[in-house]
1. Grab the DSSP H runs of the chain that are 4 residues or longer, score each as -39,500 (n - 2.57), total them, divide by all residues and round the 222 nm result to the nearest 500 deg cm²/dmol.
2. For region 2-85, state the semi-axes of the equivalent ellipsoid (square roots of 5 times the eigenvalues of the alpha-carbon gyration tensor), sorted largest first and rounded to whole angstrom.
3. Run the dipole for region 119-192 about the Cα centre, Lys and Arg Cβ at +1, Asp and Glu Cβ at -1, nothing else charged, and hand back the magnitude in debye, nearest 20.
4. If amide H atoms are built 1.01 Å from N in the plane of the peptide, which residues on other chains or at least 5 residues away come under 5 Å of the amide H of Val222?
5. Would you calculate the volume per residue, in Å³, of the smallest convex hull containing every Cα atom of region 92-210?
6. I'd like the orientation of helix 350-364 relative to the chain: the angle between its Cα long axis and the longest Cα principal axis, in ° from 0 to 90, rounded to 10.
7. Exposure proxy check: Asp358, Asp367 ranked by fewest other beta carbons within 10 Å?
8. What number of lysine-lysine pairs in the chain show an alpha-carbon separation below 18 angstrom, given a sequence spacing of 8 or more or placement on distinct chains?
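Taken together, the values in this text are just the output of simple stated rules run on the coordinates, not laboratory data. Keep in mind it's a predicted model, so treat the numbers as computed, not measured. We place every Cβ from the backbone using ideal geometry, glycine too, and count neighbours over all the protein chains shown.
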Amino acid sequence: MDRLAAAVGAGAVLRGADIAPHLRDWRGRYTGAARCVVKPATTAEVAAVVTICAEGRVAMVPQGGNTGLVGAATPSGSGTAVVINLSRMNRIREIDLSNNTLTAEAGCLLQQVQEAAAGADRLFPLSLAAEGSCEIGGNLSTNAGGVAVLRYGNARELVLGVEVVLPDGRIWNGLRGLRKDNTGYDLKHLFIGAEGTLGIITAAVLKLFPRPRVTATAWAAVRDPAAAVALLGALQGACGDRVTGFEIVGRAALELVLKHIPGARDPLAAPAPWYVLMELSDSLEALGLERVLEQVLQAEAESGRVTDAVLAQDLSQARALWHLRENISEAQRVEGISIKHDISVPVSRIAEFISRADAALLQAFPDLRIVNFGHIGDGNLHYNLSKPDATANEDFIARTPQANRIVHDIVAELGGSISAEHGLGQLKREEILRYKSDVEMDLMRAVKRALDPQGLMNPGKVL
């Protein structure tokens, strides 16, 4: 403890009651314990802390904004680990406009990175509901997705280089702003999505894009999920990759938002079983995106796939529509605990998944409430289950393994993944063994052993 205080300053080593917020995950599912929470301010300080812990054979838990959903940033209950929180590393190191890159430290809030890009008349497109509190290091460590994956890709696709402190305390400076570098293994991808189990990302070179000058946003009621997929195809056929966001929202999800989120209003006069929130964007104002969106919706209405729709007339109305989508998770948290699934299937199999999973679950659990929403444009659904009656929900939650097996087996049969964007953390580290081959698991363990032979870096997560 004295060595840690000497490395980062006594005020940056938290103990006692001060560490409580760092020991519990955002959902309230996991609570752990730790020797202390260390808050280094530089890469050199992170390296010093890791070296001290490695020499003492003390486990380390990297942590950013602590907004993860699978317990990856929460220590175990043993109380022996040191939590290394990077929130003080919050500098934008460089913006290179000619190269369209921004170099940010891991503790920068995602919103801070977005605002820095906007201030340079550029766009950093990673966008998710927690952007005001999540940090870029955590976004990269979990390969965050969000609402713009359809056009710009996951966090992995938005990174050109990273700086990493390895489990033995060495620093790998891979902060290269290169789009072409064919000199062997692309090491940065080992650490992106590894949930802090292979090292600690301390900074990254991020891609920037032209800032959109015009957007068109609409909320539409659709006949069923198959109609939503058909609408996506029609939009992409009409305007290509200008489709930036395409979100599906089931009626049960919208009702929770209307019930628990102040100011939320139903955009349409009559309820519908399914809705789609879509957004088009471009840097050229003369393309008439609103007209394109209106024409596609009209054609889909004539076919019977769209039953009603509203187009945002200004930025305020667009934000109100996105407010409905982005507050679903918060509304669910107010409602109480549920069995959550973050799955992906090929876009072409989404309707089949929903139909089969709904039927199998309702047969096994009558009166089940299925809250279904997500990024249908990239095949990622948040498929959450609970009983509407709080007194019956506790018994249902106890049957989580049975519900998971039903959902995940169908996902696997359709060629999907049981974790699309949230990661594995503690929540799915055992479950994944059923769905990954022995070869895949052996390769993952081999990588872990090679980089972290002592097993000190975020133990008990992913593997």
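1. Rounded to the nearest 500, the figure is -10000 deg cm²/dmol.
2. Values: eigenvalues 88, 31, 28 Å².
So the equivalent ellipsoid measures 21, 12, 12 Å along its semi-axes.
3. Values: 8 positive and 8 negative charges, 50 e Å.
With Lys and Arg at +1 and Asp and Glu at -1, about 240 debye.
4. Trp274, Tyr275, Val276, Thr307
5. On the way: hull volume 11.9 nm³, N = 119.
In region 92-210, the Cα convex hull volume per residue is 100 Å³.
6. For helix 350-364, the angle is close to 80 degrees.
7. On the way: Asp358 15, Asp367 10.
In increasing order of surrounding Cβ atoms, one gets Asp367, Asp358.
8. 13
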